[in-house]
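The values are calculated or read from the model by the stated rules, or taken from the named source; none is laboratory data. Everything quoted here is computed from the prediction, not taken from an experiment. Cβ sites come from the backbone with ideal geometry, for glycine too, and all protein chains shown count toward neighbours. All accessible areas refer to the heavy atoms of the entire protein, side chains included, with ligands and DNA or RNA removed. Shrake-Rupley method; radii C 1.70, N 1.55, O 1.52, S 1.80 Å.
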Amino acid sequence: MAKILDRDQFADVQQATRQHLRQHGCGAYTFEDGLALTALSGWKRPQRVLELGTALGYTACCLAHGCASARVDTIEGDATHVALAREQIARHALTHRIAVHHGQFDEILGQLEAGYDLAFFDGFAPPPPIIARVRDLLAIGGILVCANLQLGRGSAARQLAQDLDDASRWQDLASIESGRTAVRLKLNAE
Ligand SMILES: C[S@@+](CC[C@H](N)C(=O)[O-])C[C@H]1O[C@@H](n2cnc3c(N)ncnc32)[C@H](O)[C@@H]1O
């Protein structure tokens, strides 16, 4: 499906995120497989990308890099992360293609227009109502990439697994990050 890439252009941002996490003691755990995201973006050629969980901007840069015409809307609640992400994104000359929205996921999602071609969830455990809203914002044929599936617990995790495994609504494309990140294609508006 997606082309295999072997050089991570944004390894410096990933490294800065790991260092920041050690100092800040926050939730900015960087995604492990940015190359897989870049490859997915290169395969899908999204014009509009939505990301939940910017941290320092590593995965937003990876997604933008995969498709030169893609515009990324990324959401982050921590003001320090927002400032650092904007710096990293500017250093990589991607400011014109990545908009960092400062606020909580539920608040910002309510302000965005539907029609995204690719959405990436990388907050903590994915809450089913947030993933349902992300689904609404995806175009039919759009791709949901949902990380941190192993972090969910109890009924919310069970409900999410059930939602994502509903073959009448999603086509299962693959998984990345050794199965911890689901990749699904939205089949219809239901
Ligand atoms: C796992 S990190 C994202 C890592 C980033 N995608 C990367 O690979 O470098 C999750 C980020 O989501 C933010 N976050 C978590 N829950 C949030 C919420 N409900 N609203 C807004 N931001 C949130 C955290 O502050 C954190 O920076």
Report summary line: Note on Gly142: of the conditions (1) in contact with a helix residue (DSSP H, G or I) (Cβ under 7 Å, 6 or more places away or on another chain); (2) closer than 30 Å to Asp12 by Cα; (3) away from the ligand (no atom under 12 Å from the Cβ), unmet is (1)
Requested in this report: Looking only at region 63-76, decide whether some residue is among the aliphatic types (A, V, I, L, M), touching a Cys at 6+ places or on another chain (Cβ under 9 Å), touching a residue at least 24 places away in the same chain (Cβ under 8 Å) and within 21 Å of Thr38 (Cβ to Cβ).
Outcome: yes
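Across region 82-99, what is the number of residues that are within 16 Å of the chain's Cα centre (by Cα) and either in contact (Cβ under 8 Å) with a residue 40 or more places away in the chain or open to solvent by 10 Å² or more (accessible area, probe 1.4 Å) (or both)? Explain how you work it out, then say what you get.
Here is the first cut: in region 82-99, the ones within 16 Å of the chain's Cα centre (by Cα) are 82, 85, 89, 97-99.
Right, trim to either in contact (Cβ under 8 Å) with a residue 40 or more places away in the chain or open to solvent by 10 Å² or more (accessible area, probe 1.4 Å) (or both) and you get 97-99.
The total comes to 3.
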Query raised in the report: Got a sec? Which of Ala36, Ala70, Ala60, Ala64 is of a type in the set (A, V, I, L, M), out of contact with any Gly (no Cβ under 9 Å at 6 or more places or on another chain) and more than 22 Å from Asn148 (Cβ to Cβ)?
Result: Ala70
Query raised in the report: Only one of (1) in contact with a Leu (Cβ under 6 Å, 6 or more places away or on another chain); (2) open to solvent by less than 10 Å² (accessible area, probe 1.4 Å) is not met by Thr74, so which one is it?
Result: (1)
Requested in this report: Report yes if Arg7 is of a type in the set (D, E, K, R), buried (at least 19 other Cβ atoms within 10 Å of the Cβ) and more than 10 Å from the ligand (Cβ to nearest atom), otherwise no.
Outcome: no
Report task. Answer yes or no as to whether Cys67 is near the ligand (Cβ under 9 Å from one of its atoms), crowded, with 18+ Cβ neighbours inside 10 Å and not hydroxyl-bearing (Ser, Thr, Tyr). Result -> no
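Filter region 100-117 down to residues that are more than 17 Å from Pro129 (Cβ to Cβ) and of a type in the set (Asp, Glu) and give me whichever is surrounded by the most Cβ atoms within 10 Å (Cβ to Cβ).
First pass over region 100-117, keeping only residues more than 17 Å from Pro129 (Cβ to Cβ): 100-102, 113, 115-117.
Now drop any that are not of a type in the set (Asp, Glu), which leaves 113, 117.
Details: Glu113: 8, Asp117: 19.
Among those residues, the one meeting the criterion is Asp117.
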Report summary line: Picked from region 15-26 (must be open to solvent by less than 30 Å² (accessible area, probe 1.4 Å) and in contact with a Phe, Trp or Tyr (Cβ under 9 Å, 6 or more places away or on another chain)), the residue farthest from the ligand (Cβ to nearest atom) is Ala16
